[in-house]
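The values are calculated or read from the model by the stated rules, or taken from the named source; none is laboratory data. Remember, predicted model here, so these are calculated numbers, not experimental data. Please note: Cβ atoms are built from the backbone with ideal geometry, for glycine as well, and neighbour counts cover all protein chains shown.
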Amino acid sequence: MFLLRSAFWLTVMFIVIAPKDVDLGKTASDYSRQALEMGQQAVVSHALAGECNSLECVGGKAALAVLAGGNVVEQSSIPVPLPRPRPDRLS
């Protein structure tokens, strides 16, 4: 019963004291978006930190960097594999 009363009075006081001109939903979604972006960048930078010798590994890292928004590609020096040019007879 003590917890129920405490929760009730804390809720009432929050409603009374809370600022009226602040959109709590927007603020919470902004913080959530920022945390998600920072976490994504941390994971991508950790994944791109390792060295690899195979073309499959380099291609995977390039795809991961593109999925991260491209800003990680500018910071790293990963050579992106490009397709071979199309032969003249097929043009």
- Please determine, by comparing only the residues of segment 8-37 that are surrounded by 10 or more Cβ atoms within 10 Å (Cβ to Cβ), under 32 Å from the mean Cα position of the chain (by Cα) and aliphatic (A, V, I, L, M), which one is nearest to ALA65 (Cα to Cα). LEU36
- Message: Out of ARG5, ARG84, I need the residue that is at pLDDT 90 or above and either over 23 Å from the mean Cα position of the chain (by Cα) or part of a helix (DSSP H, G or I) (or both). Which one?
- Response: ARG5
- Task: Among the residues of segment 1-57, write down those that are more than 30 Å from LEU82 (Cβ to Cβ) and among the polar types (S, T, N, Q).
- Result: SER6, THR11, THR27, SER29, SER32, GLN34
- Message: Suppose we filter LYS20, LYS26 for residues that are out of contact with any strand residue (DSSP E or B) (no Cβ under 6 Å at 6 or more places or on another chain), among the basic types (Lys, Arg) and modelled with pLDDT under 85; which single one remains?
- Response: LYS20
